[in-house]
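Notes follow once the structure below has been shown.
Derivation of every value follows stated rules applied to the coordinates shown; laboratory data play no part. Just so it is clear, the structure is predicted and the values come from calculations on it, not from any experiment. Methodologically, a virtual Cβ is constructed for each residue, glycine included, from the backbone with ideal geometry; neighbour enumeration extends over all protein chains shown.
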Amino acid sequence: MGKVPVLETPDGSLAETMTIVAYLEDIQPEPGLLPGTPFERARAQQIALHCINYPDTASRLGLNAAAFGAPEDEAVNAALAKTVPRGMQSLRQLAVFEPWIGGNTFTLADIVAANTIPLASMVLKKLCDIDLMAELPEAQDWLNLVNERDSAKQIAADRA
Ligand SMILES: N[C@@H](CCC(=O)N[C@@H](CS)C(=O)NCC(=O)O)C(=O)O
């Protein structure tokens, strides 16, 4: 599909975020991206996949118009306004913010959620004038907490 990220390994390249993190977890188990009980590990993966499938993939339909100057499509904007807030509202069933999104340990779920929700928020604001964060206001403190981590600061600096 020509997407990034792609990880080049000694055995070949791997695409798709969830595949890449599963590989990284396998070859370097510490620090763990999926710590805890089998249920906690599955829940962290569920939150990550939820964020990729719903806020992220759904809002990407509007990314070219929101960020890269492509013409807006009213039908796409209407679809975004319906589906993306629902993805955020249903995240409420999964997210606990204690203080991390899946519990008391920073996991893959925090990494994926914190790198997908802001992009979806930007697209929804620009194309639909919808404040996605208002669907899950507790997420703002959690996002600030993630963004205070050295790794998040490094990502922000690289992006800038
Ligand atoms: N499902 C993919 C999505 C990756 C994705 O959408 N990547 C974007 C950039 S963040 C991309 O490569 N866009 C360029 C394009 O679609 O041509 C994953 O989880 O890795």
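Here are some notes:
- Cα gyration tensor shape for region 93-160, rounded if a/c is under 1.5, else prolate or oblate: oblate
- Remark on Gly103: its backbone amide H falls under 5 Å from those of Val96, Phe97, Glu98, a criterion applied only to residues 5 or more positions apart or on other chains, H modelled at 1.01 Å from N.
- Using the Cβ-Cβ distance between Asp141 and Ile20 with R0 set to 30 Å, the FRET efficiency from 1/(1 + (r/R0)^6) comes to roughly 0.60.
- Estimated FRET transfer efficiency (Lys125, Asp150; beta-carbon r; R0 30 Å; 0.05): 0.60
- Treating each Cα of region 64-104 as one equal point scatterer and applying the Debye formula with no solvent, the log10 of I(q)/I(0) at q = 0.29 Å⁻¹ comes out as -0.92.
- Inter-label distance, nm, simple model (7 Å from Cα along the C-beta direction), Asn64/Leu49: 2.9
- The alpha carbon radius of gyration of region 37-159, expressed as a multiple of 2.2 N^0.38 Å, is 1.06.
- Inter-site label distance for Leu94 and Ala81 at 7 Å from Cα along Cβ, in nm: 2.6
- 3J(HN,Hα) couplings calculated from phi for region 140-150 with the Karplus curve 6.51 cos²θ - 1.76 cosθ + 1.60 (θ = phi - 60°) are, in sequence order, 5, 4, 4, 5, 4, 5, 4, 6, 7, 6, 4 Hz; Gly and Pro show x.
- Computed lengthening from Ala160 to Glu74, 0.36 nm per intervening residue step minus Cα-Cα distance: 27.9 nm
- When the helices of the chain are scored as -39500 (n - 2.57) per DSSP H run of n ≥ 4 and the total is divided over every residue, the value at 222 nm lands at -17500 deg cm²/dmol.
- By the Cα gyration tensor, region 3-69 has an equivalent ellipsoid whose semi-axes, rounded to whole angstrom, run 26, 19, 8 from largest to smallest.
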